[in-house]
Amino acid sequence: MKPPPFKYHACRTIDEAVGILDSDPDGSKVLAGGQSLVPVLNLRLAAPDNLVDINSIEGLDYIRVQPDHVAIGAGTRQYIVERSDQLHSVLPVVREALSHVGHSQIRNRGTVVGSICHADPAAEMPAVFLTVGGEVTARSAAGTRTIGSDDFFESYLTTALEPNEIVTQVKFDIPSGRTGWYFEEVARRHGDFAILGVVALVSLEGDTVSRARITIFGGGATPLRMTVAEQLITGAKAGDIGGDLLERAASEASAAVRPTDDIHASADYRRHVAGLLTKRAITRSLERAGSPA
Ligand SMILES: Cc1cc2nc3c(=O)[nH]c(=O)nc-3n(C[C@H](O)[C@H](O)[C@H](O)COP(=O)(O)OP(=O)(O)OC[C@H]3O[C@@H](n4cnc5c(N)ncnc54)[C@H](O)[C@@H]3O)c2cc1C
């Protein structure tokens, strides 16, 4: 199928792009890698009058690793982020998660920021953003603001962004101390969108859990933090986390997700998998946090 007609704007500066968005916010769409937007247009699920292409804007293609965060520009392709050894050394969960995003051809064009803005609830990058924490920087004709990861995802494919805003970068927080991580997704084939997945970071101070972040994706209209399961293990000694405590965390996760039936899996199956993946995420994250490597 072909997309409905639109006016194409190859913008050279952010000011030019936000100017077009501001003149017609509801009739304009930002075009980044196009790996989600173009299929949406071809299926005629959206019919914007203006496509605001940000690919020719200089200065949006970067990865900056700082002591407490990593900043990724809106032009940075997923495969560049996936291959960054510097980023990998501080946030290894990102490479693992990106390796599950579609296929290399998709990641060659798709951007990390575009994936977060698209906010597919079964996508990997929104779940990573919510788990590691951080913020996006949004520009509009009115100025610049930041939106924290906890406030960003509102509903299915819906974020806190206004239609006249462009995200110029995303910042991922780097966890401090001894932190273990885990990523796993269940999909019919590698590269498919997840039926259900988990991302976790668990930090230890001594042998006590000081911080836990566990996110399930594919289990509701947005990626979902498993806050009760997180609270259950926070403050517990790593050696005491097993048996009953893990079972309670799993059943809290199964209760916290809001899945629906679809052609890939039933809601009951997804609830069951949410519990299993939560248990595994806690166990493996603790192992990683406890090991010197
Ligand atoms: C066959 C196939 C398989 C795929 N499999 C997966 C998968 O398994 N997991 C997965 O996560 N994704 C998958 N994707 C989607 C892919 O990851 C996309 O690249 C990503 O979701 C969107 O990034 P993009 O840069 O292509 O954004 P675009 O498609 O250009 O834009 C997506 C949306 O975000 C908005 N947007 C983009 N950038 C900005 C910005 N800077 N500021 C404001 N709004 C912005 C656009 O207006 C649009 O609404 C798949 C795609 C295809 C075609």
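The values are calculated or read from the model by the stated rules, or taken from the named source; none is laboratory data. Note that the structure is predicted; figures quoted are calculated from it, not measured. Neighbour counts are summed over all protein chains in view; Cβ atoms, including those assigned to glycine, are modelled from backbone coordinates with ideal geometry.
Does segment 125-145 hold any residues that are hydrophobic (A, V, I, L, M, F, W, C) and either part of a strand (DSSP E or B) or touching a helix residue (DSSP H, G or I) at 6+ places or on another chain (Cβ under 6 Å) (or both), and which are they?
Our first condition is that a residue be hydrophobic (A, V, I, L, M, F, W, C); within segment 125-145, this holds for 125, 127-130, 132, 136, 138, 141-142.
Met125, Val128, Phe129, Leu130, Val136, Ala138, Ala141, listed by residue number.
A count restricted to segment 146-184 and to residues that are out of contact with any helix residue (DSSP H, G or I) (no Cβ under 8 Å at 6 or more places or on another chain), under 18 Å from Val93 (Cβ atoms) and assigned to a strand (DSSP E or B) stands at 1.
Filter segment 25-36 down to residues that are near the ligand (Cβ under 6 Å from one of its atoms) and touching a residue at least 24 places away in the same chain (Cβ under 8 Å) and give me whichever is nearest to Ala119 (Cα to Cα).
Initially, segment 25-36 is screened for residues near the ligand (Cβ under 6 Å from one of its atoms), giving 29-36.
Pick out the ones that are also touching a residue at least 24 places away in the same chain (Cβ under 8 Å) and you get 30-36.
Working: Val30: 14, Leu31: 15, Ala32: 14, Gly33: 14, Gly34: 14, Gln35: 13, Ser36: 10 Å.
Residue satisfying both the conditions and the ranking: Ser36.
Can you say whether Leu130 is more than 9 Å from the ligand (Cβ to nearest atom) and at pLDDT 95 or above, as far as the supplied structure shows?
Values: more than 9 Å from the ligand (Cβ to nearest atom): yes; at pLDDT 95 or above: yes.
Judged against the criteria, Leu130 is a match.
Please verify whether segment 258-273 includes one or more residues that are part of a helix (DSSP H, G or I), among the aliphatic types (A, V, I, L, M), in contact (Cβ under 8 Å) with a residue 12 or more places away in the chain and not assigned by TED's automatic domain parsing to the domain that holds Ala97. Yes - at least one qualifying residue is present in segment 258-273.
With respect to the conditions (1) under 18 Å from Leu157 (Cβ atoms); (2) buried (at least 18 other Cβ atoms within 10 Å of the Cβ); (3) in contact with a strand residue (DSSP E or B) (Cβ under 8 Å, 6 or more places away or on another chain), Ala46 lacks only one, and its number is (2). Among what's in segment 108-120 and is more than 6 Å from the ligand (Cβ to nearest atom) and buried (at least 24 other Cβ atoms within 10 Å of the Cβ), pick the residue that is nearest to the chain's Cα centre (by Cα). Among those residues, the one meeting the criterion is Ile116. Within segment 206-222, the set of residues being over 23 Å from the mean Cα position of the chain (by Cα) and assigned to a loop (DSSP other than H, G, I, E, B) comprises Gly206, Asp207. A single entry from Asp22, Asp49 fulfils the requirement of being more than 8 Å from the ligand (Cβ to nearest atom), over 23 Å from Glu135 (Cβ atoms) and of a type in the set (Asp, Glu): Asp49. Within segment 186-193, does at least one residue satisfy the condition of being modelled with pLDDT under 95 and of a type in the set (Lys, Arg)? Yes: one or more hits.
Here segment 89-100 is the region considered, the condition is being within 11 Å of the ligand (Cβ to nearest atom) and free of Cβ contacts under 8 Å to residues at least 40 places away in the same chain, and the residue that is surrounded by the most Cβ atoms within 10 Å (Cβ to Cβ) is Leu98. Checked against the criterion of being more than 15 Å from Gly191 (Cα to Cα) and under 10 Å from the mean Cα position of the chain (by Cα), segment 89-102 has at least one qualifying residue.
Quick one: count up the residues across segment 33-86 that are in contact with a helix residue (DSSP H, G or I) (Cβ under 7 Å, 6 or more places away or on another chain) and not aliphatic (A, V, I, L, M). Explain how you work it out, then say what you get.
Let us first name the residues in segment 33-86 that are in contact with a helix residue (DSSP H, G or I) (Cβ under 7 Å, 6 or more places away or on another chain), namely 33-36, 46, 48-50, 52, 54, 57, 63, 65, 70, 72, 74, 76-79, 81-82.
Checking which are not aliphatic (A, V, I, L, M) leaves us with 33-36, 48-50, 76-79, 82.
Residues flagged as in contact with a helix residue (DSSP H, G or I) (Cβ under 7 Å, 6 or more places away or on another chain) and not aliphatic (A, V, I, L, M) within segment 33-86 amount to 12.
Taking the conditions (1) surrounded by fewer than 18 Cβ atoms within 10 Å (Cβ to Cβ); (2) more than 11 Å from the ligand (Cβ to nearest atom); (3) not hydroxyl-bearing (Ser, Thr, Tyr) in turn, Gln105 satisfies each one other than (2).
Suppose the filter is β-branched (Val, Ile, Thr), touching a helix residue (DSSP H, G or I) at 6+ places or on another chain (Cβ under 7 Å) and farther than 23 Å from Leu130 by Cα; does Ile241 pass it? Before the answer, list the steps.
Working: β-branched (Val, Ile, Thr): yes; touching a helix residue (DSSP H, G or I) at 6+ places or on another chain (Cβ under 7 Å): yes; farther than 23 Å from Leu130 by Cα: yes.
Yes, satisfied.
Here Asp207, Asp192 are screened, and the one residue that is touching a Lys or Arg at 6+ places or on another chain (Cβ under 8 Å) and not assigned by TED's automatic domain parsing to the domain that holds Ile116 is Asp207.
For segment 60-88, filtering for residues that are out of contact with any Leu (no Cβ under 7 Å at 6 or more places or on another chain), in a loop (DSSP other than H, G, I, E, B) and within 13 Å of the ligand (Cβ to nearest atom) leaves 3.
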